[in-house]
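Notes follow once the structure below has been shown.
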Amino acid sequence: MKSLLTLALSAALVVACSTAAPDAQAQTVKSYGAAITADGAMSMNEFAKAIAKSDSLNAKVACEIITSCTKKGCWMHVKMPDGTPMMVKFKDYAFFVPKEGLEGKKAVIQGYATKEVTTVAELRHYAEDAGKSKEEIEKITEPREDLFFLAEGVLITY
């Protein structure tokens, strides 16, 4: 009986010592907009290859956030494989993301991507929303072809 008790206590001690302590850096995933999951999300490299062959694409993409609108959180830029930003807006202006603290965070976006020409006025407006200086805004003098992503749902990992 004593050896059985010793064996049980030893087993309990081994289990207690081998159980991982709670991760102080535990990650939280927060959802914005329509409920989506990360299942089936393509990498940004896969997305870039797919959109290069088309003018538009329905997609779910895992990406890195560069910044978000500092005034309302009504858009964000995510990083393309070459480091350039892709504008992400939110379907029907129905939801917003945090205005700060998203830099470098991982996200999954689901929606519809298109190639569009962004006017000088729009580029200046986005630069103003991003908190750029008057001098930086005035340097914007040419329209630009950009990728836009209209997200119906966003997951952000904190």
Original post:
Which cross-chain or sequence-distant (5 or more) residues have an amide H under 5 Å from the amide H of V29, H modelled 1.01 Å from N in plane?
Top reply: Y158
**OP:** Using a/c under 1.5 as the rounded threshold, could you call region 23-157 rounded, prolate or oblate? The axes a ≥ b ≥ c are square roots of the C-alpha gyration tensor eigenvalues, and prolate needs a/b larger than b/c, oblate otherwise.
**Re:** oblate
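For a Förster distance of 25 Å, can you work out the FRET efficiency between the beta-carbons of K134 and E103, rounded to the nearest 0.05? Could you put the intermediate results ahead of the total?
Values: r = 23 Å, r/R0 = 0.91.
Once the sixth-power term is evaluated, E becomes 0.65.
Read the figures in this text as sums done on the coordinates, not as results from a lab. This one's a predicted model, so the numbers in the text were calculated from it and none came from an experiment. For neighbour counting, all protein chains shown are included, and Cβ atoms are generated from backbone atoms with ideal geometry for every residue, glycine included.
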